[in-house]
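The values are calculated or read from the model by the stated rules, or taken from the named source; none is laboratory data. Keep in mind that what you see is a predicted model, and the values were worked out from it rather than measured. For neighbour counting, all protein chains shown are included, and Cβ atoms are generated from backbone atoms with ideal geometry for every residue, glycine included. Side chains included, ligands, DNA and RNA excluded: accessible areas come from the protein's heavy atoms. Shrake-Rupley method; radii C 1.70, N 1.55, O 1.52, S 1.80 Å.
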Amino acid sequence: MVGEVNDATELMTDDLLVKRCVAENDRHSFRLLYRRHQSRVRQIIYQLCDPISLDDLVQEAFLRAWKGLPKFRQSSQFSTWLYRIAWNVASDRRQTLAQERSRLKNISESISTQHEDPDIIQLHYQDLVRAGLSLLSEEHRSVLVLHDLEEIPQKEVAEILKIPVGTVKSRLFHARIGMRKFLEQAGMQI
Amino acid sequence: MNNLPDEDAKLIDFLCHNRSIAPPELPELEDRLMLQIDLLPTEKAEKVSNPWRRYLMGGIGLIIAASVSTTIFQMMNPPEPSIAELNQLNLFLEAYLPDLSNQPELDTGDRENLVELDPDLF
């Protein structure tokens, strides 16, 4: 049963909601923060580690956020801090997942761009992108997902990953090269 | 993403167009999350919701530490008597303590020669 959130709370900024969560242990405010950010968090985690139990990971991310709220210094945006937690959850997950190289090999062998139904081609393209991301290192995949796919500014990506902006640029450069090479090997001309 | 090379722009466009979309969440995920939060221990919430208690305890601790430090310091560095206090002591000695070098030893039974001390000096 979904809890009620009054209109006044829905108009509050993230910072105000966070303060209410911390000062008043206000779960309604946190529920609203969840509703605002869960889709983005979900998409980030999904693209970073392509997990099977995505719901569990999303829940884990927001649980960590709730527990860590008292330590959150509002010098940065709440979303930046939250995405950092999502990245941590995905990173932890990746460490326990095995590389799916055999899956990649099967996908490459089955690719055909001739006389295919457009929907199937679309699925193939999605498989290609997913496979290409899985082949990237964690560092390269992270910047590519956060910046190119999620359109998060480089400066914010740097805050999320706690690296200099220059390092973000460098990793993006190499990540794009890696993806381009993979797609070319798979027969794609970008 | 301004001023991107054409190659990068096309690549990013392709990736965005064909990125995987996360499957929708279970309808009960939100309530499940809130339930997990409700089950968390509340001690942390109480401490967090009352930060002034920490400040108060810290302040009391500081006061106690300062008092102890001051006492120890005074014990190790007793204040020297002022000139007025020294003069008063000298007057007392001259008025009430006889010159022992010129007096015979007192007989403990000879109470007439004993000087009565002014209790107000104590």
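Picking from residues in the stretch A:52-85 that are hydrophobic (A, V, I, L, M, F, W, C), within 10 Å of chain B (Cβ to nearest Cβ) and in contact (Cβ under 8 Å) with a residue 40 or more places away in the chain, the one that is farthest from B:Glu25 (Cα to Cα) is A:Leu69.
Checking A:Arg73, A:Arg94 one by one, the residue that is surrounded by fewer than 18 Cβ atoms within 10 Å (Cβ to Cβ) and touching a helix residue (DSSP H, G or I) at 6+ places or on another chain (Cβ under 6 Å) is A:Arg94 and no other.
Okay, residues lined up against (1) touching a residue at least 60 places away in the same chain (Cβ under 8 Å); (2) open to solvent by 60 Å² or more (accessible area, probe 1.4 Å):
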site	(1), (2)
A:Leu133	yes, no
A:Val143	no, no
A:Leu146	yes, no
A:Lys155	no, yes
A:Glu159	yes, yes
A:Thr167	no, no
A:Ala175	no, no
A:Lys181	no, yes
A:Glu184	no, yes
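B:Lys47 fulfils the conditions (1) within 14 Å of chain A (Cβ to nearest Cβ); (2) at pLDDT 80 or above; (3) surrounded by 12 or more Cβ atoms within 10 Å (Cβ to Cβ); (4) assigned to a helix (DSSP H, G or I) except for a single criterion, (2). Scanning the stretch A:35-51 for residues that are under 14 Å from A:Thr80 (Cα atoms) and open to solvent by 10 Å² or more (accessible area, probe 1.4 Å), we see that the one that is nearest to the other protein chains (Cβ to nearest Cβ) is A:Gln38.
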